[in-house]
C-alpha cells in the first residue's frame, strides 16, 4: 500500500513539473539570471528588449484552462481605432497562421484590442472571420493598452500592430502592419516546438 501511495505521489509531482516547466523557463529567460544573450536572432518579428509584462496575465477567464491544455501563446492584434476592412483582413491572416500550427493550434489564442468600441456590424464581422476570437473586457483592454504604451509611443499607437504574448504574460515580439504573416507563422511554429519539447511533448 505504501508503495502504491508513493508511486501515485511521484506521478502527480511529475505531471505538475511538466505543466510548470515551460512557464518557469520562460520567466527565467526573461530574468537577469539568464546568462545567454544571442548576438543574432532568427525571429522575423521585432524582439522586444526587455519584454513587456501584461498585468493580470495569464487570463484565468480563458476557456482554455491550464488544467486541460498546455500553456497558451497569444497573437494580439492591436488597432488604434476600430476594426474596419484592413483590420478584418489581418484577422483572417492570423487565423490562417493559427490553423497552420496543425495539432498545436489549440495552444494559440487570437485576441483583438481596439482603441474604440466595435459597432455591432463589426463585432459580427470579426466573429464571422474567427468565431473563437477573444475580445478583452474593459479591465483586460486597459491592461493591454497600458503594456502597449510602454513601447515606442509612435509605433505603439499607429495603425495595426500584431504582438506575440508568451504564456507567462510577456509581450515578446512585435510585427508591423506590413509584416509578411509567413514570418509570424515561422516564429510561432519555432516557439511552439521549443515549448513542447521543454514539456516533453511532441
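Laboratory data are not the source of any read-out in this text; all were calculated from the coordinates shown. Computed from a predicted model, the values in this text were never measured in an experiment. Methodologically, a virtual Cβ is constructed for each residue, glycine included, from the backbone with ideal geometry; neighbour enumeration extends over all protein chains shown.
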Between residue 137 and residue 105, what is the label-to-label distance in nm when each label sits 7 Å out along the Cα-to-Cβ direction? 2.9
For segment 97-202, divide the Cα radius of gyration by the Kirkwood radius and give the resulting Rg/Rh value with two decimals. 0.97
